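Working notes for the structure below.
Bear in mind these aren't lab numbers, they're just calculated from the coordinates by the rules spelled out. These numbers come from a predicted model, not from an experiment. Positions of Cβ are generated from backbone atoms using ideal geometry, with glycine treated the same way; all protein chains shown enter the neighbour counts.
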Amino acid sequence: MAKGGDLQAWFIEYQDLDRTDGRVVIMPEGFEKLCDALEFNLEEIEPMVLLWKLNGVELATIEFEGWESGMRAMNVKDIKGLKAAILSTVQEFENDPVLFKTFYRKVFDYLRPEQQRSVSAE
């Protein structure tokens, strides 16, 4: 398992360093870079599973706390392990409808504008 400092150094590779509000966060550009490193197509399910497993706060946005707790929960220490963990989760969906439902609800939350109870069909 990666140590806290290793996880932080890894996070910084994708972090938005231009923020002035003090938030330590990976924004969409860094998220896309991470997906590229993982060889995940942004139009497939894996990026959404990645976001979910790393406790994304909104679409393509991950704070360090979510990154660290997600990596520890998956017991991930490197890019190869992260890719394997995400692909394994996708496979688990086939046999675990409760897990998929939990994931689906979170994806719904990512896509739903605040204060809205449903997602537009468009």
Exercise for the section: Would you kindly derive the ³J(HN,Hα) couplings of segment 7-21 from the backbone phi angles with the Karplus curve 6.51 cos²θ - 1.76 cosθ + 1.60 (θ = phi - 60°), listing them in order in whole Hz, with x for Gly and Pro? Expected result: 5, 5, 4, 5, 4, 4, 4, 10, 5, 7, 7, 8, 5, 10, 8
Problem - Helical mean residue ellipticity (222 nm; -39500 (n - 2.57) per DSSP H run of 4+; nearest 500) of the chain - result: -18000 deg cm²/dmol
Exercise for the section: Could you go through segment 35-47 in sequence order and give the Karplus-derived ³J(HN,Hα) for each residue, using 6.51 cos²θ - 1.76 cosθ + 1.60 with θ = phi - 60°, rounded to whole Hz, and x for Gly and Pro? Expected result: 4, 4, 5, 8, 6, 9, 6, 5, 8, 9, 6, 4, x
Problem - Most mobile of 22, 70, 81 in a GNM of the chain (Cα contacts under 10 Å) - result: 22
Problem - Simple spin-label estimate for residue 112 and residue 18 in nanometres, 7 Å along Cα-Cβ - result: 3.3 nm
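What number comes out for the charge environment of residue 35, summing +1 per Lys or Arg and -1 per Asp or Glu over other residues with Cβ under 10 Å away? Walk me through the numbers on the way to the answer.
Numbers: positive: 33; negative: 32, 36, 39, 44, 46.
Taking every Cβ under 10 Å from that of residue 35, the sum is -4.
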Handout entry: Most mobile of 61, 89, 20 in a GNM of the chain (Cα contacts under 10 Å)
Key = 20
Exercise for the section: Evaluate the distance, in nm, between pseudo-label points positioned 7 Å from the Cα of residue 9 and of residue 101 along their respective Cα→Cβ axes. Expected result: 4.3 nm
Exercise for the section: Taking 7 Å along the Cα-to-C-beta vector as the label spot, tell me the residue 36-residue 64 distance in nanometres, rounded to one decimal. Expected result: 2.4 nm
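Could you work out how much longer the chain between residue 93 and residue 44 gets when fully extended? Use 0.36 nm per residue separation minus the Cα distance between them, nm to one decimal.
Numbers: separation 49, 0.36 × 49 = 17.64 nm, distance 1.44 nm.
Extra length from residue 93 to residue 44 when fully extended: 16.2 nm.
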